[in-house]
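K.L.:
My questions all concern the structure below.
The values are calculated or read from the model by the stated rules, or taken from the named source; none is laboratory data. The model shown is predicted, which means the values in this text are computed figures rather than measured ones. A quick note on method: Cβ atoms are made from the backbone with ideal geometry, for glycine too, and the neighbour counts reach across all protein chains shown.
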Amino acid sequence: MYYLSQIEDTVRVPPYKFEEDLNDVAIEILNQKYDGAFDKDLGLMVNVNEILEIGEGRVVMGDGAAFYSVVFNAVFFKPEQQEIIYGKVEEIAEYGAFIRIGPLDGLVHVSQVTDDYINYDSKAGKLNAKESKKILEEGNLVRARIVALSFKGKSKDEAKIGLTMRQYGLGRLEWIDQDKNKKTTKTTKSKKSKK
């Protein structure tokens, strides 16, 4: 889920940026400073998008830059336990599939892809369901549920997100459509047989 948060910090503006618009410079510097930063409570900072306040600049002895206290809005991405997400399969491995969900990746373990037995096809780079013949490969769009979260460390690379696609309404988008069509067909047939 995405959140907008208000943050206070200090921005160091180097002398060669003094003639540029201070708001634009502050946003650029803050985006560089926080690029990929991960906070346990707020999540992953995606973007600084608005400066709300800029204090008076001050100069520190021995440094030609100006320092400004700023209050700004930033967009954060923080996945939540049991949240249903849409994503794209980025990589298939023997043990599961890595799904890109916004700016982070989650892992669907092979045991969580379907209720069916899964085979890994290393040559084709895909996961094959034995009985249902469902196939999961790179580039597929999926809907999954977040079942495990671990936010240790300060970078997005240290965040671990566990996903499942085993419940009804989850999985590769084509599988979901097929399941809906089957359910609609069954409902229509049962209504006709009751008449």
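K.L.:
Under the condition of being basic (Lys, Arg) and surrounded by 13 or more Cβ atoms within 10 Å (Cβ to Cβ), which residue from region 156-184 is farthest from residue 144 (Cα to Cα)?
P.N.:
If we take residues in region 156-184 being basic (Lys, Arg) and surrounded by 13 or more Cβ atoms within 10 Å (Cβ to Cβ), then 156 is farthest from residue 144 (Cα to Cα).
K.L.:
Tally up the residues in region 41-57 that are surrounded by 11 or more Cβ atoms within 10 Å (Cβ to Cβ) and farther than 27 Å from residue 146 by Cα, please.
P.N.:
Selection size over region 41-57: 8.
K.L.:
A further question on this structure: Can you tell which of 24, 41 is of a type outside the set (Phe, Trp, Tyr), outside the structural domain of residue 160 (by TED's automatic domain parsing) and closer than 29 Å to residue 106 by Cα?
P.N.:
Selected residue: 41, the only one of 24, 41 that is of a type outside the set (Phe, Trp, Tyr), outside the structural domain of residue 160 (by TED's automatic domain parsing) and closer than 29 Å to residue 106 by Cα.
K.L.:
Quick check on region 62-80: of everything there that is within 22 Å of the chain's Cα centre (by Cα) and surrounded by fewer than 16 Cβ atoms within 10 Å (Cβ to Cβ), which residue is nearest to residue 33 (Cα to Cα)?
P.N.:
73
K.L.:
Taking residue 117 as the residue in question, decide whether it is under 19 Å from residue 173 (Cβ atoms), surrounded by fewer than 20 Cβ atoms within 10 Å (Cβ to Cβ) and hydroxyl-bearing (Ser, Thr, Tyr).
P.N.:
Against the criterion (under 19 Å from residue 173 (Cβ atoms), surrounded by fewer than 20 Cβ atoms within 10 Å (Cβ to Cβ) and hydroxyl-bearing (Ser, Thr, Tyr)), residue 117 does not qualify.
K.L.:
How many residues does region 30-75 contain that are closer than 21 Å to residue 3 by Cα and either among the hydrophobic types (A, V, I, L, M, F, W, C) or assigned to a helix (DSSP H, G or I) (or both)?
P.N.:
So the count comes out to 19.
K.L.:
Next question. Only one of (1) of a type in the set (Ser, Thr, Tyr); (2) within 14 Å of residue 165 (Cα to Cα); (3) touching a Ser or Thr at 6+ places or on another chain (Cβ under 6 Å) fails for residue 69. Which number is that?
P.N.:
The one condition residue 69 does not meet is (2).
K.L.:
With the structure loaded, tell me whether residue 142 is closer than 22 Å to residue 2 by Cβ and more than 12 Å from the chain's Cα centre (by Cα) or whether it fails that test.
P.N.:
Against the criterion (closer than 22 Å to residue 2 by Cβ and more than 12 Å from the chain's Cα centre (by Cα)), residue 142 qualifies.
K.L.:
I want to confirm something. Restricting to region 123-150 and keeping residues that are touching a helix residue (DSSP H, G or I) at 6+ places or on another chain (Cβ under 8 Å) and modelled with pLDDT under 95, which single residue is surrounded by the most Cβ atoms within 10 Å (Cβ to Cβ)?
P.N.:
My answer is 127.
K.L.:
Something else now. Would you check which residues across region 131-182 are over 19 Å from residue 95 (Cβ atoms), polar (S, T, N, Q) and assigned to a strand (DSSP E or B) and list them?
P.N.:
155, the sole residue that qualifies.
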